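The values are calculated or read from the model by the stated rules, or taken from the named source; none is laboratory data. These numbers were taken from a predicted model, which means no experiment stands behind them. So basically every Cβ, Gly included, is an ideal-geometry build from the backbone, and we count neighbours across all protein chains shown. Keep in mind that these areas ignore ligands, DNA and RNA; they rest on the heavy atoms of the full protein, side chains included. Shrake-Rupley method; radii C 1.70, N 1.55, O 1.52, S 1.80 Å.
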Amino acid sequence: MLELAADLVPLLDAGVPVAAVTVTRVVRSAPRGVGASLAVTRDARVLGSISGGCVESDAVMLGLDVLRTGGMRRARFGFTDDGAVTPIAAGLACGGAVDVVAYRLDETMRPALEDVRAGREATLRLDLDGDPLDLHRIAPPRLVILGAGEHAAALCRLGAAAGFAITVCDDWALLVTRERFPDATELVVAAPHEYLAGLPSPDARTAVCVLTHDERLDVPALRTALRLPVGFVGAMGARATVARRAALLRGAGVTDAELSRLHSPLGLDLGGSTPEETALSVIAEIVASRNAAGARPLRELPGTRLHLVADDTAPESSCAVRSA
């Protein structure tokens, strides 16, 4: 439910009754994991999802029932162990099942929702009929884009859609505008290397992408970025540019060990050429690197499981739910 904060807070402000349906357990396999939520208003406006569409209609009906009767309800959607469909819902296409709880939102939930909307980590404890439930959402991963050209604008749009908190930094104020980067969390007019030198709390969930296309800016920015404890550093450029830039970085004192961290040319080979297609390849590489994944087609992977189950949820997952 916390992942829907941007949409739920305005509804609370307007006094609109809203119910949420949250996944508390996944059996075998499901399109979405523990903590995934769907919200529904009394006039059947639906926000979010708890599956790939397999059980959404039943979840909506459950939420509407909670709005009508009050209280809370629990249910299981999907298949039983013997393969039969549970009475309350159509089966999940992946053959698994999800346990859910439906409850009505109220003002006590506002502080946590406001924290999430502001990009902060948040925990919300719900007392549902005497059975406490903790919802937790960590702050979004950060993507720092250095340079404010068209490729940066496309990367900002796709990065925000992928759940990143975006910072765009360039030393040319004419380009660093809200009109060009409406989805950015932060816009900074500064020399990229100077901004990076004071980057607050860099960590493994921070990615830095250098798109300045100017060696006078690229080299000091990359030298600084490669010495930060960030999880990903990438730089755009053709292979000749990459080779020349590597030589300049070595001349600036960057070691081979530091240089080995650099993802350049930036992006996976998707065959695209437009700024949007390039941005997609960059986001794909960042996500693959963060998850230590091979970025291979799923059809080529061995085994039968494609989705994580509840017990596999990592501490860094974007949303988690715990029964106390």
**strands (runs of 3 or more DSSP E) within the range 113-164 that include 3 or more residues touching a Cys at 6+ places or on another chain (Cβ under 8 Å) and buried (at least 19 other Cβ atoms within 10 Å of the Cβ)** = 131-137, 142-146
**Request:** Answer yes or no as to whether ALA102 is under 27 Å from the mean Cα position of the chain (by Cα), within 30 Å of VAL176 (Cα to Cα) and modelled with pLDDT of 85 or more.
**Result:** no
**Prompt:** Out of all the residues in the range 78-88, is one or more modelled with pLDDT of 70 or more and buried (at least 16 other Cβ atoms within 10 Å of the Cβ)?
**Reply:** yes
**Request:** Please give the number of the condition GLU276 fails out of (1) open to solvent by 20 Å² or more (accessible area, probe 1.4 Å); (2) part of a loop (DSSP other than H, G, I, E, B).
**Result:** (2)
**Request:** Return yes or no: is LEU308 at pLDDT below 95, within 30 Å of MET1 (Cβ to Cβ) and assigned to a loop (DSSP other than H, G, I, E, B)?
**Result:** yes
**Prompt:** Which pairs do you get when a residue that is over 12 Å from ALA139 (Cα atoms), found in the range 104-119, comes within reach of a residue that is charged (D, E, K, R) and surrounded by fewer than 18 Cβ atoms within 10 Å (Cβ to Cβ), reach meaning Cβ atoms under 8 angstrom, with the pair 6+ apart or on two chains?
**Reply:** none
**Asked** Any idea which of (1) at pLDDT 90 or above; (2) in contact with a Phe, Trp or Tyr (Cβ under 9 Å, 6 or more places away or on another chain); (3) of a type in the set (S, T, N, Q) is the one THR108 doesn't satisfy?
**Response** (2)
**Prompt:** Among the residues of the range 253-264 satisfying the criterion of being at pLDDT 95 or above and not in a helix (DSSP H, G or I), which is farthest from the chain's Cα centre (by Cα)?
**Reply:** GLY253
**Request:** Look at ALA279 and say whether it is of a type in the set (A, V, I, L, M), farther than 22 Å from ILE50 by Cα and modelled with pLDDT of 95 or more.
**Result:** yes
**Asked** Which number in (1) under 28 Å from the mean Cα position of the chain (by Cα); (2) open to solvent by 50 Å² or more (accessible area, probe 1.4 Å); (3) on the phi > 0 side of the Ramachandran plot marks the one condition that ARG45 misses?
**Response** (3)
**Request:** Could you list all residues from the range 200-240 that are hydrophobic (A, V, I, L, M, F, W, C), over 19 Å from ALA292 (Cβ atoms), open to solvent by 20 Å² or more (accessible area, probe 1.4 Å) and assigned to a loop (DSSP other than H, G, I, E, B)?
**Result:** LEU228, MET236, ALA238
**GLY267 being within 23 Å of the chain's Cα centre (by Cα), open to solvent by less than 50 Å² (accessible area, probe 1.4 Å) and not hydroxyl-bearing (Ser, Thr, Tyr)** = yes
**Single condition ARG28 does not satisfy, out of (1) farther than 20 Å from LEU128 by Cα; (2) touching a Leu at 6+ places or on another chain (Cβ under 7 Å); (3) modelled with pLDDT under 90; (4) not small (Gly, Ala, Ser)** = (2)
**Item:** Condition check for GLY33: at pLDDT below 75, farther than 30 Å from GLY15 by Cα and buried (at least 18 other Cβ atoms within 10 Å of the Cβ)
**Value:** no
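Table: residues versus (1) touching a Gly at 6+ places or on another chain (Cβ under 9 Å); (2) closer than 17 Å to VAL168 by Cα.
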position	(1), (2)
THR206	yes, yes
PRO229	no, no
SER260	no, no
SER264	yes, no
GLY267	yes, no
THR274	no, no
ALA279	yes, yes
**Item:** The one condition in (1) open to solvent by 20 Å² or more (accessible area, probe 1.4 Å); (2) at positive phi that ALA197 fails to fulfil
**Value:** (2)
**Request:** Would you point out the residue of the range 172-194, among those that are in a strand (DSSP E or B) and open to solvent by less than 60 Å² (accessible area, probe 1.4 Å), that is nearest to CYS156 (Cα to Cα)?
**Result:** LEU187
